[in-house]
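A short worksheet on the structure shown next.
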Amino acid sequence: MVKIVGAVLIALLASAVAASAQQPAGGIRGMVMDKDFDAPLPGAKISVAETGQEIISTDEGNYALTGLTPGTYTLVISKEGYTRQVKADVVVSPGLMTDLSASLSGEFTEMEEFVVQDVQFGAASEDTLFDLPLFELRLENPAFLDSVGADLMSQAGASDAAEALKLVSGATLQDG
């Protein structure tokens, strides 16, 4: 009698495993949003903890995880600069897509106060101080450049007229 009951239990267990293997796969789909700006969040990573399957949300914040065996899963939704969100007990039914959206909040770090100080380039004396930002502005903006004086020539290291002409926007040298 015990052998018959054991055989029946094994047969029932084997048929249950075979039936579950025949169930069609399901999936999870949804949208990831930026909670602070109520806008789609592209580039968010959605991971299934149990399987290791990962996907990245589209430019519109959408994602779709397919091929999941029916069951219960835990999703981890994350993106750098945002607070990670964990969605537990997400049920996937055979042949169906489960809808699951998430909204991530920006992750902000409280910083202590800091002071920005002026940095000077060149020598310590005010007569020979090389004003780099002004020099770059003169090179980039021809309307700002009105003349190249001796001070600018010496600060830029121009030793002759050809070197000085290189400081003039729009000027070109030919044959030398």
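None of the figures in this text is laboratory data; all of them are computed from the coordinates on show. Bear in mind that the values here come from a model prediction, so they are computed numbers and not experimental data.
Percent of Cα-Cα pairs more than 17 Å apart in the stretch 26-104, please. Can you show the working numbers first?
On the way: 1157 of 3081 pairs.
Considering the stretch 26-104, 38 percent of its Cα-Cα pairs are separated by more than 17 Å.
Antiparallel versus total DSSP beta bridges in the stretch 26-104: what percent is that, nearest 5?
In the stretch 26-104, DSSP labels about 75 percent of beta bridges as antiparallel.
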